[in-house]
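Engineer: For reference, the structure I am asking about is given below.
The values are calculated or read from the model by the stated rules, or taken from the named source; none is laboratory data. Because the structure is a prediction, the values reported are computed rather than measured. Ideal geometry is used to build each Cβ from the backbone, glycine not excepted, and the neighbour counts take in all protein chains shown.
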Amino acid sequence: MEFGWFLLATVLKVSFILGVTVLLYAPVFVLFERRQSAMVQDRIGPMMGGVKMPRLVIDHLQTLQMGAFGMAALCGLLFLFATAQVWQGNGTEVLFTEPVLGVRHTWNGMMFVFGALAAVHVPLGVVLPYLFHHDRLTIFGGLHALFDAIKAFTKEDVVPPEADKFLFSLAPIIAMVPALMLGAVIPFGPTLYVDYLFEQLPAEGTIGGAAIPLQVASLNIGILYMFAVGGAGIIGAALAGYSSNNKFALIGGLRAASQMVSYEVCLGLTIVPLFMLYDSLLLDEMVQWQVDHVWGVVVQPIAFVLFLTASIAEYKRVPFDAPEGESEIVAGFFLEYSSGKWLMYMLAEFFEVATSSMLIAVLFFGGWDVPFLGRGGWEAFGYAFDLSGTHWAILSEVANSHVFIVAVQIGAFVLKALLLGMLSIQIRWTLPRFRYDQIMQLCWRMILPLALVNILVTGIFILLTGI
């Protein structure tokens with residue numbers, strides 16, 4: 001039975017990491033990049049991709065919007081009525097011996113349900129008109145990425161006649177799979193105590209029962225696994241350039257290999273000060289240190305800037321996209337790729353943005369940590385959010401329940417990584433492409449020396465303070 005629960009938990013955690021990366025981060029990053037591209041190049045962009053809707057739906061969008069607002073108003077009135085009944089003490093005990101999510105009274109439960117429905121219908125009414133563009137359903141342009149994928153897979157898969165067909169087909173797989181494997185050691189939430197899901201946990205002390213760490217694998221080599229697996233992507237780029245039998249592709253592969261190897265060195269050295277402060281290579285322990293003390297970006301802002309710069313260069317995004325420089329080598333190492341194989345390289349690039357953003361969130365922004373929210377509930381400056389003994393007790397019981405706190409912390413982690421990925425894409429559309437010699441000079445003459453100086457300063461600080 002225990003093995004069955006372990007297997008089920010592992011499958012769910014892997015599904016969450018893959019689902020967030022493939023179904024959330026990649027489409028959102030593609031959409032954000034398309035919108036930035038459209039703004040810079042003054043064109044329609046992702047709003048072109050949509051599903052043509054019947055005229056009846058388009059003509060009655062305002063009616064649907066008013067209907068959503070009407071439902072929100074009705075649910076709001078019912079919420080106020082249920083609240084009044086609770087205040088008057090007219091609640092009736094429900095047919096449960098134990099409270100369910102803190103709901104002990106029928107009016108309490110109705111207050112919670114109607115409040116939630118009102119909270120859902122208001123934003124629905126606000127965004128409903130923006131889901132459409134002219135006569136097409138576009139969902140803020142979100143369908144564009146889906147149509148791009150469908151279009152790419154339906155195109156002809158062309159393989160150069162003089163190419164090494166085996167290596168040519170293997171290269172995009174080697175490029176994409178490591179980007180997905182990196183999520184295996186990233187902690188996306190705190191430990192989940194299955195036996196206390198709907199209860200408020202103590203702020204300190206040991207908790208018994210079944211515990212599920214929200215991390216696929218907590219390896220003792222921790223961050224070293226990230227560098228080992230991430231470095232395999234170098235082979236995918238180099239193989240693509242070599243196997244294509246194209247001089248431009250070969251130049252792109254050589255550029256990619258030398259650039260990625262160089263910045264791998266900088267990536268490792270920039271976070272050595274974090275190892276010294278956190279005193280661990282385990283990513284979950286790094287997050288716990290930040291929960292107990294302060295976020296890493298506060299104590300190591302220089303390391304954050306250097307690591308962000310090196311990571312953008314590592315996954316070859318502008319201004320570090322010399323291996324793909326269209327103005328010089330057409331398309332670089334994946335010049336000869338088409339159809340699904342080309343799409344795999346594009347997806348691998350966005351997967352790398354996602355996993356890099358998740359790693360930065362863990363190393364520098366507390367991972368799943370939320371200010372003023374701990375294991376025992378919401379607390380700020382010594383004041384806890386506790387409405388027990390009042391008619392609003394259900395609110396504090398739900399807000400301080402273990403399952404709600406874990407959900408908020410997971411959502412915070414997802415949001416942090418999403419914002420960091422958008423920052424990377426914003427940089428991509430802000431800075432011009434560097435020359436290849438400038439890229440290498442930045443690595444060896446600026447980032448590397450600064451990283452070494454940061455290690456020295458951090459070591460002296462630790463020796464003087466005894467931290």
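Engineer: Filtering the stretch 15-53 down to residues that are aliphatic (A, V, I, L, M) and outside any helix (DSSP H, G or I), which residue is modelled with the lowest pLDDT? If you could, list the steps in order and put the result at the bottom.
Structural biologist: The initial filter retains those residues of the stretch 15-53 that are aliphatic (A, V, I, L, M), namely 17-18, 20, 22-24, 26, 28, 30-31, 38-40, 44, 47-48, 51, 53.
After this cut, where a residue has to be outside any helix (DSSP H, G or I) as well, the list is 44, 51, 53.
On the way: Ile44: 63, Val51: 76, Met53: 76.
In this case the residue turns out to be Ile44.
Engineer: Hey, does the stretch 175-185 have a residue that's in contact with a strand residue (DSSP E or B) (Cβ under 6 Å, 6 or more places away or on another chain), at pLDDT 80 or above and within 28 Å of Gly376 (Cα to Cα)? Spell out the reasoning first.
Structural biologist: At the first step, the residues of the stretch 175-185 found to be in contact with a strand residue (DSSP E or B) (Cβ under 6 Å, 6 or more places away or on another chain) are none.
Looking through the stretch 175-185, none of the residues is in contact with a strand residue (DSSP E or B) (Cβ under 6 Å, 6 or more places away or on another chain), at pLDDT 80 or above and within 28 Å of Gly376 (Cα to Cα).
Engineer: Residues that are touching a residue at least 12 places away in the same chain (Cβ under 8 Å) and surrounded by fewer than 15 Cβ atoms within 10 Å (Cβ to Cβ): find the helices (runs of 4 or more DSSP H) completely inside the stretch 155-271 holding 1 or more of those. Write out each step before concluding.
Structural biologist: Details: elements: 165-181, 223-230, 233-243, 247-270.
Counting at least 1 such residues, we get 165-181, 223-230, 247-270.
Engineer: Within the stretch 443-467, which residues are touching a residue at least 60 places away in the same chain (Cβ under 8 Å) and either outside any helix (DSSP H, G or I) or under 14 Å from Lys316 (Cα atoms) (or both)?
Structural biologist: Of everything in the stretch 443-467, those that are touching a residue at least 60 places away in the same chain (Cβ under 8 Å) and either outside any helix (DSSP H, G or I) or under 14 Å from Lys316 (Cα atoms) (or both) turn out to be Cys443, Ile467.
Engineer: Identify all residues within the stretch 317-326 that are buried (at least 24 other Cβ atoms within 10 Å of the Cβ) and out of contact with any Gly (no Cβ under 7 Å at 6 or more places or on another chain); write none if there are none. Don't jump to the end; show me each part of the working.
Structural biologist: Step one: of the stretch 317-326, the residues buried (at least 24 other Cβ atoms within 10 Å of the Cβ) are 320, 322-324.
Within the stretch 317-326, Phe320, Ala322 qualify.
Engineer: Are any of the residues in the stretch 418-427 part of a helix (DSSP H, G or I), touching a Pro at 6+ places or on another chain (Cβ under 8 Å) and surrounded by fewer than 20 Cβ atoms within 10 Å (Cβ to Cβ)? Quick ask: steps written out before the conclusion?
Structural biologist: Step one: list which residues in the stretch 418-427 are part of a helix (DSSP H, G or I), which gives 418-427.
Those still in the list that are touching a Pro at 6+ places or on another chain (Cβ under 8 Å) too: 427.
So of that shortlist, the ones also surrounded by fewer than 20 Cβ atoms within 10 Å (Cβ to Cβ) come out as 427.
Yes, that holds for at least one residue.
Engineer: What is the number of the single condition among (1) surrounded by fewer than 23 Cβ atoms within 10 Å (Cβ to Cβ); (2) part of a loop (DSSP other than H, G, I, E, B); (3) touching a residue at least 12 places away in the same chain (Cβ under 8 Å) that Val294 does not meet?
Structural biologist: Going through the list (1) surrounded by fewer than 23 Cβ atoms within 10 Å (Cβ to Cβ); (2) part of a loop (DSSP other than H, G, I, E, B); (3) touching a residue at least 12 places away in the same chain (Cβ under 8 Å), Val294 breaks only (3).
Engineer: Has the stretch 135-148 got at least one residue that is at pLDDT below 80, among the hydrophobic types (A, V, I, L, M, F, W, C) and on the phi > 0 side of the Ramachandran plot? Working first, answer last.
Structural biologist: Kept after step one, since they are at pLDDT below 80, are these residues of the stretch 135-148: 135-148.
Those still in the list that are among the hydrophobic types (A, V, I, L, M, F, W, C) too: 137, 139-140, 143, 145-147.
Right, trim to on the phi > 0 side of the Ramachandran plot and you get 139-140.
Yes.
Engineer: Based on what the data block shows, is Gly367 closer than 20 Å to Asp284 by Cβ, surrounded by 17 or more Cβ atoms within 10 Å (Cβ to Cβ) and either in contact (Cβ under 8 Å) with a residue 40 or more places away in the chain or touching a strand residue (DSSP E or B) at 6+ places or on another chain (Cβ under 7 Å) (or both)? Please lay out each step first, then the result.
Structural biologist: Working: closer than 20 Å to Asp284 by Cβ: yes; surrounded by 17 or more Cβ atoms within 10 Å (Cβ to Cβ): yes; either in contact (Cβ under 8 Å) with a residue 40 or more places away in the chain or touching a strand residue (DSSP E or B) at 6+ places or on another chain (Cβ under 7 Å) (or both): yes.
Spelling it out, Gly367 is indeed closer than 20 Å to Asp284 by Cβ, surrounded by 17 or more Cβ atoms within 10 Å (Cβ to Cβ) and either in contact (Cβ under 8 Å) with a residue 40 or more places away in the chain or touching a strand residue (DSSP E or B) at 6+ places or on another chain (Cβ under 7 Å) (or both).
Engineer: Could you go through the stretch 337-344 and let me know if any residue there is farther than 18 Å from Ile234 by Cα, over 21 Å from the mean Cα position of the chain (by Cα), surrounded by 22 or more Cβ atoms within 10 Å (Cβ to Cβ) and of a type outside the set (Ser, Thr, Tyr).
Structural biologist: As a first pass, look at the stretch 337-344 and keep what is farther than 18 Å from Ile234 by Cα: 338-340.
If we keep only those that are over 21 Å from the mean Cα position of the chain (by Cα) too, we end up with 338-340.
Filter once more, so that each one left must be surrounded by 22 or more Cβ atoms within 10 Å (Cβ to Cβ): none.
Taking every residue of the stretch 337-344 in turn, none turns out to be farther than 18 Å from Ile234 by Cα, over 21 Å from the mean Cα position of the chain (by Cα), surrounded by 22 or more Cβ atoms within 10 Å (Cβ to Cβ) and of a type outside the set (Ser, Thr, Tyr).
Engineer: While we're here: Of Val398, Val362, which residue is under 24 Å from Leu418 (Cα atoms) and outside any loop (DSSP other than H, G, I, E, B)?
Structural biologist: Val362
Engineer: Here are Ser396, Ser388, Ser424: which of them is polar (S, T, N, Q) and at pLDDT 85 or above?
Structural biologist: Working: Ser396 fails: at pLDDT 85 or above; Ser388 fails: at pLDDT 85 or above.
Just a single option satisfies the conditions, and that option is Ser424.
Engineer: Pull out all pairs, ordered by first then second residue, where Cβ-Cβ is under 6 Å, the residues are six or more apart or on different chains, the first lies in the stretch 115-132 and is touching a residue at least 60 places away in the same chain (Cβ under 8 Å), and the second is surrounded by fewer than 17 Cβ atoms within 10 Å (Cβ to Cβ) and of a type in the set (Phe, Trp, Tyr).
Structural biologist: From the stretch 115-132, the pairs are Gly125/Phe69.
Engineer: Just need a number here: residues in the stretch 297-315 that are polar (S, T, N, Q) and free of Cβ contacts under 8 Å to residues at least 40 places away in the same chain.
Structural biologist: Looking only at the stretch 297-315, we keep the residues that are polar (S, T, N, Q), and these are 300, 309, 311.
The next check asks that each one be free of Cβ contacts under 8 Å to residues at least 40 places away in the same chain; those that pass are none.
The qualifying residues number 0.
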